[in-house]
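Written below as structure tokens is the structure these notes are about.
The values are calculated or read from the model by the stated rules, or taken from the named source; none is laboratory data. Since we're looking at a predicted model, the values are computed, not measured. A quick note on method: Cβ atoms are made from the backbone with ideal geometry, for glycine too, and the neighbour counts reach across all protein chains shown. Just the protein is used for accessible areas: all its heavy atoms, side chains included, with ligands, DNA and RNA removed. Shrake-Rupley method; radii C 1.70, N 1.55, O 1.52, S 1.80 Å.
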Amino acid sequence: NAIFLCYPIMMGIGAFAATELPAPTLVPADWSGLRNMLTDRRLVSFLLTLLLVGASYSILNNYFILYVRQLGGSAELFGLSVAVAGVSELPVFFFSAWFLRRYGAPTLLIIAFACFALRAFAYAAMPSSAWVIPVQLLHGLTFSAMWAASVPYLRQITPPGWGATAQSMLGAVL
């Protein structure tokens, strides 16, 4: 019950803080930018790729607890695995700027996709629920690296003034 009381309080604090943010400068829309976005092969193929990865990721997330239970894992193990996955995101997000400077967004995306495939194969091949925690450590390199690389890559391939629209498309496909 406490979390249901904390939520509106925290949202109220967030809403109050938002009233203190400076108003953005609005620029008239250049509708040719939208047409350019929707016909740009790089952008469309990137978003379709992320849609496929996002669908795969949703399947993994939605059926993960059932799979852990099928392998003999407990609810506590599932809870611990979710916590481990969340903690594994922290170093990747923390060092993401360094990774991006060193390797670039496309390379980091390839690493994220490869680690996602490795993670999915590892889940399929694990003989018991004891493997859940070590495999969950790959979550940081899949989810976090994908998001950390997708945002700047999308910024690079999006026409000026259409960044927010492109970011909304990113959120919609993932």
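Look at segment 16-37: where a residue is surrounded by 10 or more Cβ atoms within 10 Å (Cβ to Cβ) and a partner is of a type in the set (Gly, Ala, Ser) and at pLDDT 75 or above, sitting 6+ places away or on another chain with Cβ atoms under 9 Å, you get 29/161; 30/161; 33/161; 37/166. On inspection, residue 1 fails the criterion of being open to solvent by less than 80 Å² (accessible area, probe 1.4 Å), over 22 Å from residue 159 (Cα atoms) and either free of Cβ contacts under 8 Å to residues at least 60 places away in the same chain or aliphatic (A, V, I, L, M) (or both). Quick check on residue 81: is it buried (at least 17 other Cβ atoms within 10 Å of the Cβ), closer than 24 Å to residue 49 by Cα, hydroxyl-bearing (Ser, Thr, Tyr) and without any contact (Cβ under 8 Å) to a residue 60 or more places away in the chain? No: the conditions fail for residue 81. Within segment 47-63, is even one residue more than 18 Å from residue 137 (Cα to Cα), modelled with pLDDT under 90 and among the hydrophobic types (A, V, I, L, M, F, W, C)? No: zero hits.
Across segment 50-76, the number of residues qualifying as touching a residue at least 40 places away in the same chain (Cβ under 8 Å), open to solvent by 50 Å² or more (accessible area, probe 1.4 Å) and part of a helix (DSSP H, G or I) comes to 3.
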